[in-house]
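Please read the structure below before turning to the comments.
Computed from the coordinates by the stated procedures, all read-outs in this text should not be read as laboratory data. Remember, predicted model here, so these are calculated numbers, not experimental data. Every residue, glycine as well, gets a Cβ built from its backbone with ideal geometry; the counts of neighbours run over all protein chains shown.
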Amino acid sequence: MYFLGFNWNPDDTLFKIGFAQIKYYNLLWIIAFLVGFQIMKKIFKKENRPLERLDSLFLYAVISIMLGARLGHVLFYQPELFSSDPLSILLPIKTVPKFEFTGFTGLASHGAAIAAIVALYFFSRKFKDMKFLWVLDRVTITCAIGAACVRLGNFFNSEINGNIVDKSFALATRFIRDSDDMPAYKAIQLTKEKTASAAYKAIENKPEFSQILESIPYRHPAQLYEAFLYLILFAAMWFTYWKTNKSEKSGFLFGLFMVGLWTARFVVEYFKKSQGGFEETWGTFTTGQWLSIPMILIGLYFMFRPTASRQ
């Protein structure tokens, strides 16, 4: 069985159509956007905003978030791709060392946040009666639950895993496909064998199989920690919007989102293994933590600025 405290090695591909693949990760991104659309529809109806503008807002959000997330990842974590494999930056493929359809992977939340803010600014310029902060305050409610979906996708992909932890820890998880713990060819072999249940059961009790597993350490399921905190943030923002008058304070919900999301990210970074970037140069904090600090400060400003206007 494959649950927390056991071995985690699901096939990350839901189904294939020719060379194209639909992965759990991509599916969860789609779910995030669809849920976000329905939430914004409910908000638009409550505030008597024209629903036809929602399609335009959705388009701005999808394009900016996907583009920003990918470019952010490359800029912050894999800048070498600009010279070694530029086609892989914006396409769901890689060409080095060989051509392979990968789906859209390698996405950075910091890049997504920056790009979305810029795109929503231009959206608000298009519709003069929808102020920039009004849009930000409401869209960020959907972003909180979207972020949780993305981290669940990371869990299915066995990526952004946590630090090594003792197996006696209640949530200890052994990620078979962790590239730091097992050569890629062995992980792929185990994944393929697992998809054919009879073949997998035939080798499951063999000594060599046990030896492979014993060589893999248990880790924190950091993706699930982060997803859980984002769901709490979503609940807090939903309650604040529907049950309090804080939504009337321009920028407050946006600030709450920035503080809540990036504080969660900062804390969970202590449980994650290094994702690379510039942390070795700057020291003290991880790359993710350094990038989160200015986001938290921006959020605090919008929550507590004394001149915040009423919408």
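Neighbour counts of other C-beta atoms within 10 Å: give me Glu52, Glu269, Glu226 arranged from fewest to most. Mind dumping the intermediate values first?
On the way: Glu52 8, Glu269 21, Glu226 28.
Fewest-to-most ranking of Glu52, Glu269, Glu226: Glu52, Glu269, Glu226.
Indicate the gyration tensor shape class of region 95-171 (rounded, prolate or oblate), computed on the Cα atoms with a ≥ b ≥ c the square roots of the eigenvalues: a/c under 1.5 is rounded; otherwise a/b larger than b/c is prolate and the rest oblate.
Oblate is the answer for region 95-171, as a/c is 1.5 or above yet b/c matches or exceeds a/b.
Measure up Lys45/Lys126; Lys46/Lys246; Lys167/Lys272 against 18 Å on the Cα-Cα distance and list the ones that go over. Don't skip to the end; give the middle numbers.
Details: Lys45/Lys126 20 Å; Lys46/Lys246 16 Å; Lys167/Lys272 16 Å.
Pairs exceeding the cut-off: Lys45/Lys126.
Based on the Cβ-Cβ distance from Lys16 to Tyr270, what FRET efficiency comes out when R0 is 25 Å, to the nearest 0.05? Intermediate results must be reported in sequence, preceding the final value.
Numbers: r = 38 Å, r/R0 = 1.50.
About 0.10, to the nearest 0.05.
Taking loop as defined by DSSP and a crowding limit of 16 other beta carbons within 10 Å, which trypsin sites (Lys or Arg not before Pro) in region 128-160 fit?
Sites meeting the loop and neighbour criteria: Lys128, Lys131.
Along the Cα-to-Cβ line of Asn48, 7 Å from the Cα, sits a label point; which residues in region 125-158 have backbone N less than 17 Å from it?
Label zone hits: 129-131.
With a cut-off of at most 16 other beta carbons within 10 Å, and DSSP calling the residue loop, which chymotrypsin sites (Phe, Trp or Tyr not before Pro) in region 74-159 qualify? Please list them.
Phe99, Phe104, Phe127
Could you sort the peptides 90-98, 242-250 by per-residue average Cβ neighbour count (10 Å cutoff), highest mean leading?
With the highest mean Cβ count within 10 Å placed first, the list reads 242-250, 90-98.
Would you calculate the separation in nanometres between label points at Leu90 and Ala170, each defined as 7 Å from the Cα along the Cα-to-beta-carbon direction?
Taking the simple label geometry, Leu90 and Ala170 are separated by 4.7 nm.
Compute the separation of the alpha-carbon centres of region 143-159 and region 59-95 and state it in Å as a whole number.
Cα centroid of region 143-159 versus Cα centroid of region 59-95: 18 Å apart.
Report the label-to-label distance for Thr284 and Ser83 in nanometres (one decimal), using points 7 Å from each Cα along the Cα→Cβ vector.
3.0
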